[in-house]
Amino acid sequence: HGESGYGLISITVPKYLLYVEEVKNLLLEITGIIEFALHSIELKINHDSILENFKESEERSRRIIENAPFGYYRIGMDGIWQYVNPEWERMYGRSYNSIIGKHYQLILSEIEKIKIKECFDYASTGNPCNGEFSRLNKDGLIQFYQYNSQPINSRGDVIAIEGFLNDIT
């Protein structure tokens, strides 16, 4: 098939049939079908291997983010929290279930809203952004954070903003 060889097929036919055009065409058609079937099997094996590698890579990435010493977040272009990691939960004193599906402005202080809106708007144009802000934690103490955000692109469109948050208090 193309440049690939899949093996050798040997067919024995009576000598008088070698010159019958229909027999030659039938044999060529049969070998073409076998060739295509073997090529399809090879493609399936390659696809399965690529899919398995992708799943392993995705799992490694998930474990890294879940165990990162920085807060990780992802916000959809509609402003809805899509994901936060356990460190982000610890920093904000909020559970995953209490944040996911809510608009980012509902849980932030006025300073945070301004900073994140500026970053969100800038990142939505395809640019990374970073900066610092302070906030009162759940115990009433001021904490200082550094953030680094970048757009997530899919087929040329920004579909979300993700980033890391570092407690620099």
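The values are calculated or read from the model by the stated rules, or taken from the named source; none is laboratory data. Everything numeric in this text was worked out from a predicted model, so none of it was measured. Cβ sites come from the backbone with ideal geometry, for glycine too, and all protein chains shown count toward neighbours. Heavy atoms of the whole protein, side chains included, go into the accessibility calculation; ligands, DNA and RNA do not. Shrake-Rupley method; radii C 1.70, N 1.55, O 1.52, S 1.80 Å.
Of the residues Ser40, Ser10, Ser4, which single one is assigned to a helix (DSSP H, G or I) and not aromatic (Phe, Trp, Tyr)?
Ser40
For region 89-113, name all the residues that are among the hydrophobic types (A, V, I, L, M, F, W, C) and under 17 Å from Lys138 (Cα atoms). Hits for region 89-113 are Met91, Ile99, Leu106, Ile107, Leu108, Ile111. There is no residue in region 20-38 that is open to solvent by 90 Å² or more (accessible area, probe 1.4 Å) and hydroxyl-bearing (Ser, Thr, Tyr).
Conditions tested, residue by residue: (1) touching a residue at least 24 places away in the same chain (Cβ under 8 Å); (2) not acidic (Asp, Glu).
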position: Glu89; (1), (2): no, no
position: Gly93; (1), (2): yes, yes
position: Ile99; (1), (2): no, yes
position: Lys102; (1), (2): no, yes
position: Leu106; (1), (2): no, yes
position: Glu112; (1), (2): no, no
position: Glu118; (1), (2): no, no
position: Tyr122; (1), (2): no, yes
position: Arg135; (1), (2): yes, yes
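Please determine whether any residue of region 78-89 is closer than 30 Å to Leu106 by Cβ and open to solvent by 70 Å² or more (accessible area, probe 1.4 Å). Yes.
Here are some residues: Ile107, Ile116, Ile99. Which one is modelled with pLDDT of 85 or more and hydrophobic (A, V, I, L, M, F, W, C)? Break it down stepwise before answering.
On the way: Ile107 fails: modelled with pLDDT of 85 or more; Ile116 fails: modelled with pLDDT of 85 or more.
On inspection, the qualifying residue turns out to be Ile99.
Take the conditions (1) in a strand (DSSP E or B); (2) open to solvent by less than 40 Å² (accessible area, probe 1.4 Å); Arg74 misses just one of them, which is (2).
Name every residue in region 124-158 that is aliphatic (A, V, I, L, M), assigned to a strand (DSSP E or B) and surrounded by fewer than 14 Cβ atoms within 10 Å (Cβ to Cβ), in order of residue number.
Restricting attention to region 124-158, the residues satisfying the condition of being aliphatic (A, V, I, L, M) are 136, 141-142, 152, 158.
Adding the requirement that they be assigned to a strand (DSSP E or B) leaves 136, 142, 152, 158.
Listed by number, the residues that qualify are Leu136, Ile142.
Give me the residue from region 55-75 that is under 14 Å from the mean Cα position of the chain (by Cα) and small (Gly, Ala, Ser) and, out of that set, farthest from Tyr104 (Cα to Cα). Per the stated criteria, the residue is Ser57.
Here Asn137 clears all of (1) closer than 20 Å to Ile114 by Cβ; (2) at pLDDT below 90; (3) out of contact with any Gly (no Cβ under 9 Å at 6 or more places or on another chain); (4) of a type outside the set (A, V, I, L, M) except the condition numbered (3). Those residues that are without any contact (Cβ under 8 Å) to a residue 12 or more places away in the chain and either of a type outside the set (Lys, Arg) or surrounded by 10 or more Cβ atoms within 10 Å (Cβ to Cβ) (or both), I need them from region 6-19; list them, please. Across region 6-19, the qualifying residues are Leu8, Ser10, Thr12, Pro14, Tyr16, Leu17, Leu18, Tyr19. Candidates are the residues of region 98-123 that are part of a helix (DSSP H, G or I) and of a type in the set (A, V, I, L, M); the one that is nearest to Thr169 (Cα to Cα) is Ile111.
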